[in-house]
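Engineer: What follows is a single structure, and I will ask about it in a moment.
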Amino acid sequence: MAGEGEYYEEEGAYGAGGGEEEEVIDSAYIEALAAESAARHEAEAAAGGGGGYAGHGRGHGGGYGGGGGGGEDDMEDGGGGGKEEEGVERPEFAPLTHAAASGGMVEYRKVRVPPHRMTPLRENWEEIAANVVEHLKLYIRMNVKSRCIELKTSEHTELPGAIQKAEDFCNAFVMGFDVADALALLRLDDIYVDQFEVTDVKPLKGDHLSRAIGRVAGQGGKTRHAIENATRTRIVVADKKVYMMGAYSNIQVARDTICSLILGTPPGKVYNQLRSVSARIHQRY
């Protein structure tokens, strides 16, 4: 046992001695690398090659724009490069014209006119045509044989969606809206038209259907005008169909109110609801 203890002590001593020998080799190797690196830097400096690898590394540490220099100057150059990239002005593009959007193609649209709207169209045709031509720079004509309003783009048309606006304007007039109200579709972007039938809410027939339509319109149009003023919309009741024009949120409120009347809610309760709705809408705007 004593011999084994001595053997282990000798082995430990041998291991310690080996560690000291390795440390001597490592330090010598590092000194050689340092001398070689210093000689290389001196040669590059004498040749005018810049700051070397140390400066290049610092340049990358300070920012992507600063490599190639030496020391702290590279770090400043890197930061400066980043600021110049942030300060670059964004490009500004001109609005897209109708010719560019349509690829130079001429667009056509037709709006069919029902028989009961021919007389109002004849009486207001001059005002309708003037607004379409002056505001949207479109061609417009009335085809009496097919009873259609025909629209066509011209070389002077500027707005990409001009013909769609004109079609919505003509459709609104055909539905029964006044020209002054339908003009909002030409001048504003957030005005929409929605429609539904009374029978979509509740399947009514005969006198029940007539009474439901009467509740929506009211005596002398009183209920309809109250809904229009409270919700800032325009409503047309044509037989079983109900047309609404206005902002999206206002149309939703008007539709819910009309559906309540169709389902049998007393008008007095609807008026009380409209007062609170009107107050909220006026606070919003």
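The values are calculated or read from the model by the stated rules, or taken from the named source; none is laboratory data. Computed from a predicted model, the values in this text were never measured in an experiment. Cβ: placed from backbone, ideal geometry, glycine included. Neighbour counts: every protein chain shown. What goes into the accessible areas is simple: the full protein's heavy atoms, side chains included, and nothing from ligands, DNA or RNA. Shrake-Rupley method; radii C 1.70, N 1.55, O 1.52, S 1.80 Å.
Engineer: Val270 - would you say it is surrounded by 11 or more Cβ atoms within 10 Å (Cβ to Cβ) and closer than 16 Å to Lys222 by Cα?
Structural biologist: Here the answer is yes, as Val270 does meet what is asked.
Engineer: Here is a further query. Quick one: which residue in Ala238, Ala254 is open to solvent by less than 50 Å² (accessible area, probe 1.4 Å), more than 30 Å from Val106 (Cα to Cα) and more than 28 Å from the chain's Cα centre (by Cα)?
Structural biologist: Answer to the selection: Ala238.
Engineer: Among Arg232, Arg275, Arg187, which is of a type in the set (Lys, Arg), closer than 27 Å to Pro114 by Cα, open to solvent by 90 Å² or more (accessible area, probe 1.4 Å) and touching a residue at least 12 places away in the same chain (Cβ under 8 Å)?
Structural biologist: Step by step, each of Arg232, Arg275, Arg187 is checked, and only Arg187 is of a type in the set (Lys, Arg), closer than 27 Å to Pro114 by Cα, open to solvent by 90 Å² or more (accessible area, probe 1.4 Å) and touching a residue at least 12 places away in the same chain (Cβ under 8 Å).
Engineer: Given the criteria under 21 Å from Arg109 (Cα atoms), more than 28 Å from the chain's Cα centre (by Cα) and β-branched (Val, Ile, Thr), does Ile191 qualify?
Structural biologist: Spelling it out, it is not the case that Ile191 is under 21 Å from Arg109 (Cα atoms), more than 28 Å from the chain's Cα centre (by Cα) and β-branched (Val, Ile, Thr).
Engineer: OK, next. Take Val198 and tell me if it is touching a helix residue (DSSP H, G or I) at 6+ places or on another chain (Cβ under 7 Å), within 20 Å of Asp168 (Cα to Cα) and buried (at least 17 other Cβ atoms within 10 Å of the Cβ).
Structural biologist: no
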